[in-house]
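A short write-up of the structure that comes next.
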Amino acid sequence: MDNRRIGIGVAVVVGLVVLFFVGKYLFTNKDEKTDQAKIEKEKSEASARQVAQLVHQACRYADSMGIDTSRYTLSADVAHNEEVLADVMMEIRYGKKPSRMAFNGLKETVDSNWSAKAEPSSLAALTTFTPYKQLVGHYNRIRKQGTGNPALADSLRLIRQTLNFYRYVNRFDPDQFVLVNIPAGELNVFDRSGKRLLPMQVISGKPDKMTPCMTTYIQDIVMYPYWNVPKNIALEEMLPRMKRDLSYIYNQNLQILDEKEHEVDPEEIDWESLSETNFPYRVRQASGCENSLGLLKFNLANPLAIYLHDTNSRDLFTSTKDHWRSHGCVRVQKPVELANLVLGANTFDAAFMNKCLIDQKPRTLPIPKKFPVFITYNIADVDASGKLHFYKDVYSLAK
């Protein structure tokens with residue numbers, strides 16, 4: 001009996017001891033879980049605050065670069081805010097595709113992982129292109145004058161468009177590139193730093209034959225090119241003159257080709273039977289000093305039949321301020337210098353343009369590598385001295 005009581009007592013004591021330690025463990029574990037949850041919550045909140053702070057920093061910088069940051073809004077979702085941060089950073093570096101681009105022929109080399117590694121504090125290192133830096137300075141100077149003035153607001157809008165274009169160029173990472181700015185009537189060759197290697201005037205399309213904006217590259221250069229007359233020009237402008245007087249064909253050094261590319265004698269054509277809907281020929285202007293393309297043609301990769309070329313009317317660069325009078329292609333003021341730069345060698349001398357060699361056939365010159373070309377419509381831009389200009393809206397596209 002005594003042994004039984006002793007056993008029961010021992011069992012009770014052991015049970016109480018076990019219960020005590022189990023209870024202590026449960027309470028301790030609960031406290032630890034509570035503390036751990038609290039720590040995790042604090043870490044999460046700290047991370048959310050840090051992301052939000054980085055977004056604010058990036059947006060402040062983007063705003064000073066002429067980027068509309070009202071599109072970037074924060075939320076309670078940290079993942080969303082991280083996406084916002086990445087988007088802001090990518091726009092600061094690469095911009096947005098300009099709305100007027102009719103053709104994109106250059107391959108983008110965007111580093112999609114860059115935003116995950118970069119810090120907003122390092123963004124200033126991106127602003128190395130001189131015209132871009134100068135334009136940013138003008139933007140912030142004008143912005144300080146106030147936003148209530150409609151004229152100032154319009155100026156800021158035009159500057160923002162050009163700033164975005166310069167950021168967009170970063171998508172292609174060119175060592176050197178040709179930039180044709182239609183409203184300025186200018187062509188510049190830039191290097192990475194923004195140095196102007198070869199500034200010159202250009203003549204581009206008239207308002208009813210607008211030169212399209214594009215990203216492309218020079219494929220090759222043609223010496224003594226033919227001018228393959230576009231069909232609409234041949235039918236609308238040339239055909240009535242040819243029907244009126246065959247001497248127009250000879251005076252313009254034109255060739256009439258049949259569907260087999262054989263030259264046809266104009267005297268043997270029944271001109272009265274021809275019309276805009278019945279013209280089974282192609283018109284080509286023979287090569288030479290009187291050719292409308294001049295002596296050098298720069299073939300651009302694009303489906304719009306747009307290219308850069310010399311001209312047989314070089315006096316237009318000095319005799320008139322109307323630099324928008326072509327059918328869409330771009331006449332360049334310094335074709336020899338441009339060809340030598342693109343070819344990377346002094347292939348042509350200054351006398352080349354004055355040699356009027358006859359009976360020359362077109363000759364294609366390959367270039368060492370694709371040379372990027374941007375044809376754009378920037379109304380607001382800086383000149384070589386850094387002075388801000390607002391060029392004439394020749395195509396009425398800025399309204």
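Values quoted throughout were computed directly from the atomic coordinates according to the rules given, and no laboratory measurement underlies them. What you see is a predicted model, and the numbers here were worked out from it, not measured in a lab. Every residue, glycine among them, receives a Cβ derived from its backbone with ideal geometry; neighbour counts consider all protein chains shown.
Can you give me the long-range amide H partners of Tyr217? Hydrogens built in the peptide plane at 1.01 Å from N, cutoff under 5 Å, separation of 5 or more residues or another chain.
For Tyr217, the qualifying residues are Ala301, Val373.
Between 0 and 90 degrees, rounded to the nearest ten: what's the tilt of helix 2-64 against the longest Cα principal axis of the chain?
Taking Cα atoms only, the helix is inclined about 20 degrees.
Please list the non-local residues whose amide H lies under 5 Å from the amide H of Leu397, H modeled 1.01 Å from N, same-chain partners needing a gap of 5 or more.
Result for Leu397 returns nothing.
Count the DSSP beta bridges whose two residues both fall in the range 194-343, then state the antiparallel fraction as a percent rounded to the nearest 5. Don't skip to the answer; put the middle values down first.
Numbers: 18 of 22 bridges.
That works out to approximately 80 percent antiparallel.
What's the angle, to the nearest 10 degrees (0 to 90), between helix 150-169's Cα axis and the longest principal axis of the chain?
Helix 150-169 and the main axis of the chain meet at about 90 degrees.
Just to check I understand the Karplus step: with θ = phi - 60° and J = 6.51 cos²θ - 1.76 cosθ + 1.60, what whole-Hz values come out for the range 182-195, glycine and proline as x?
Ordered by residue, 3J(HN,Hα) equals 4, x, 7, x, 10, 10, 10, 9, 10, 9, 4, 7, x, 6 Hz.
Please report Tyr132, Tyr72 as a ranked list, fewest other C-beta atoms within 10 angstrom at the top and most at the bottom.
Tyr72, Tyr132
Could you work out the helix-only [θ] at 222 nm for the chain, with each DSSP H run of four or more residues adding -39,500 (n - 2.57) and the total divided by the number of residues, to the nearest 500 deg cm²/dmol?
-12000 deg cm²/dmol
Would you mind pulling out the separation of the Cα centroids of the range 133-166 and the range 206-246, in Å?
One Cα centre to the other: 38 Å.
What are the residues whose amide H is under 5 Å from the amide H of Ser326, where those residues sit 5 or more places off or on another chain and H is modelled from the backbone?
Ser204, Gly205, Lys206
How about the chain: what cysteines have no other cysteine beta carbon under 4.7 Å from their own?
Cys59, Cys213, Cys329
Pop out the ³J(HN,Hα) list for the range 313-329 in order, Karplus 6.51 cos²θ - 1.76 cosθ + 1.60 with θ = phi - 60°, rounded to Hz; leave Gly and Pro as x.
10, 5, 5, 4, 5, 10, 8, 8, 9, 7, 9, 9, 9, 8, 8, x, 6
Strictly over 26 Å apart at the Cα level, which of Lys370/Lys399; Lys355/Lys392; Lys209/Lys399; Lys231/Lys334; Lys107/Lys297 would you flag in this model?
Details: Lys370/Lys399 35 Å; Lys355/Lys392 37 Å; Lys209/Lys399 19 Å; Lys231/Lys334 28 Å; Lys107/Lys297 23 Å.
As for pairs spanning more than 26 Å Cα to Cα, those are Lys370/Lys399; Lys355/Lys392; Lys231/Lys334.
Only one of the values (i) 1.27; (ii) 1.61; (iii) 1.05 was calculated from this structure for Cα Rg over 2.2 N^0.38 Å; name its label.
(ii)
Spelling out what I want: for every residue of the range 83-94, take phi, set θ = phi - 60°, compute 6.51 cos²θ - 1.76 cosθ + 1.60 (Karplus), and round to whole Hz; glycine and proline get x.
5, 4, 4, 4, 5, 4, 4, 5, 5, 4, 8, 10
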